[in-house]
Amino acid sequence: MARRFLRPTDRVLDVGTGGGELFIELADAYAEGVGVDNNPDMVRTANRNRPGSLRDRISFDVMDGRALTFDADSFDVLLTRNTRFWPEQIVSVLRRGGYFVCQQVGEHMSQPILDAFGWGTSGAYWRRVFADQGDPLLSRDEISATFAALDCHIVATGHIDNRAWFCDLESLVFYMKAAPFPEAFDPAAHLEPFNRYLATAAGPRGYETTESWDLLVVQRR
């Protein structure tokens, strides 16, 4: 989807770039890019991942998405994937006619696991987390309305829940320990719900779960 809105002459900002892998993968589609992340370790990883041939075209820096320090109208396209963003900050650095392309984790990520553990939904969990921090998450409709109030056109919205599988038990346990669930996974303490999930999810392709994604594409007028 991002490639549809990228041109060979564009200057592009990737907010929450992580290790920069996907931003680097798209490098053939734009002229110049900057990736930012609030985690210094991720930025160091992104700089290690950047091929030498791209050092003059792509840079990575530590920066919080709540306070983008670039000049106004600095970028033709902004990208973000699975990280928080603030519409006012996005619009402040996006040129008129430019695009913001965003993928976010949807309401039902890993839903079969959360069902077995009685944890509700991923979306409800994250809304509680940020509400408790005094920084509530906006819903998709609220985000769209905020961009519209900032004189932006909503080009596209979308949502998809995909079936997915963990190929083996080792991969599943790694995910359970690494993913931000409502409780830190403890194989001993969570033996009963974990076995409940295994019993319902096991099949010829592995252990079934869901991937859940939201799409938003905005153009600044």
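The values are calculated or read from the model by the stated rules, or taken from the named source; none is laboratory data. Just so you know, these numbers come straight off a predicted model, no measurement behind them. Note: ideal-geometry Cβ built from the backbone for every residue, glycine included; neighbour counts use all protein chains shown. Just the protein is used for accessible areas: all its heavy atoms, side chains included, with ligands, DNA and RNA removed. Shrake-Rupley method; radii C 1.70, N 1.55, O 1.52, S 1.80 Å.
Per-structure values
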| item | result |
| --- | --- |
| Candidate residues 53, 212, 59: accessible-area rank, largest first, probe 1.4 Å | 53, 59, 212 |
| Using a Förster distance of 25 Å, the FRET efficiency for residue 62-residue 138 (Cβ separation, nearest 0.05) | 0.50 |
| Kirkwood-type radius of region 90-145, with distances r between different C-alpha atoms, in Å | 13.5 Å |
| Selected from 171, 92, 74 as most flexible by GNM, with the chain as the system and alpha-carbon contacts under 10 Å | 171 |
| Cβ-derived FRET efficiency at R0 30 Å, residue 9 paired with residue 151, nearest 0.05 | 0.80 |
| Heavy-atom accessible area per residue - region 127-221, 1.4 Å, Å² | 63 Å² |
| Residues residue 54 and residue 124, FRET efficiency given R0 of 30 Å [Cβ-Cβ distance, rounded to 0.05] | 0.15 |
| Region 26-122, accessible area per residue, ligands and nucleic acids excluded (1.4 Å, Å²) | 45 Å² |
| Apportionment of accessible area to carbon and sulfur, the chain, percent (1.4 Å) | 51 percent |
| Structure-derived semi-axes √(5λ) of the Cα gyration tensor in Å: which label, when the choices are [x] 34, 21, 16; [y] 30, 19, 18; [z] 37, 15, 13 | [x] |
| Largest to smallest accessible area among 13, 137 [probe 1.4 Å] | 137, 13 |
